[in-house]
Amino acid sequence: MHFLSTITGSFAQPADENPTVAMMEAAYAHHGLNARYLNCEVAPGDLADAVAGARAMGWVGFNCSIPHKLAVIPHLDRLAPSAQIIGAVNCVVRDGHDLVGHNTDGQGFLESVRTVIDPAGARVAVLGAGGAARAIAVELALAGAAEVVVVSRRPEPGRELAELISARTSATGRQAPWQGAWAVPSGLDLLVNATQVGLYPGGADLPAVDLDTLRPPLVVADVIPNPPTTALVAAARSRGLTALDGLGMLVNQGAVAVQLWTGVDPDRTVMRDRLAAIFADR
Ligand code: NDP
């Protein structure tokens, strides 16, 4: 008999609206793991104590969400290579006595994308230059993308991300200004919406893209998990394009975390079904 559970969780503020706990515990139950995921509301001023507590209690790891993705870094012992380049951590993994910062957002995205297109040699464009865009752009570049165009309405964050990609990966990074509807250049292989345009309750909103320039074989991917079928995903599919929803990315980033923490590669369908049921109830 064993009565000591494996402890994982999340530090965020606000935490109440985050359904990740339900998805993770569905995976733990499905695989018969004696593991718990504790969804914790942690204010910025309490983050150091929360990390020290997780260390003292032997948690195997935890997620960090808004507003802790940057602030957690000084409390960790080291960063995994992609988290180092991205400059943000959403998943902490205990390795012996060390706490190691990872970024599974980009890895989760990559796992989704690989089901439909090989990023190696691809020309990709990412709409937005925030946290999700950074994680996705860096992982695509590390996966061998030839060119990453960062489309941003404010030039500076886009330029900074494009320069980072050119300097730290084998891909060429380029910023493109975003005024009015962005026309997708011919020859682009993958277009990613990494802005929050389309997020519930704004599910009908479309990022400013010239829809007439969406033509196969372009693949479209959205980061928005709720609703899974955003107006952009629907528009792309109605034009015959392959389009990936953000629910897959959300499930995959959680699945990568479960694997890093427990060594078990979890069943994505169980996790996705749990989240889809929660979103359908809202
Ligand atoms: P940030 O605030 O860090 O970045 C948002 C980016 O979107 C900025 O570049 C911002 O530009 C841009 N943007 C916002 N509104 C518009 C608009 N109307 N037109 C053009 N650009 C716009 O947010 P995150 O990157 O952390 O999150 C973005 C989205 O990604 C969220 O909806 C989140 O839910 C989703 N996400 C999904 C994940 C998943 O697993 N599916 C994981 C992580 C995030 P500007 O600087 O000009 O405001």
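A few remarks follow.
- Exactly one residue among P216, P207, P228 is surrounded by fewer than 21 Cβ atoms within 10 Å (Cβ to Cβ), within 10 Å of the ligand (Cβ to nearest atom) and touching a residue at least 24 places away in the same chain (Cβ under 8 Å), and that residue is P228.
- Any strands (runs of 3 or more DSSP E) falling wholly within the range 140-213 and containing at least 1 residues that are more than 22 Å from R239 (Cα to Cα): 147-152, 172-177
- Residue match in the range 266-276 (condition: under 30 Å from I7 (Cα atoms), open to solvent by 30 Å² or more (accessible area, probe 1.4 Å), near the ligand (Cβ under 10 Å from one of its atoms) and in contact with a helix residue (DSSP H, G or I) (Cβ under 7 Å, 6 or more places away or on another chain)): no
- Condition met for P201 (within 16 Å of A243 (Cα to Cα) and more than 10 Å from the ligand (Cβ to nearest atom)): no
- The range 113-135, residues that are within 9 Å of the ligand (Cβ to nearest atom) and under 13 Å from the mean Cα position of the chain (by Cα): G130, G131, A132, A133, R134, A135
- Any hit, the range 151-160, residues being in contact (Cβ under 8 Å) with a residue 24 or more places away in the chain, near the ligand (Cβ under 9 Å from one of its atoms) and hydrophobic (A, V, I, L, M, F, W, C): yes
The values are calculated or read from the model by the stated rules, or taken from the named source; none is laboratory data. As the structure is a prediction and not an experimental result, all values here were calculated from the model. Cβ sites come from the backbone with ideal geometry, for glycine too, and all protein chains shown count toward neighbours. For accessibility, only protein heavy atoms count, side chains too; no ligands or nucleic acids. Shrake-Rupley method; radii C 1.70, N 1.55, O 1.52, S 1.80 Å.
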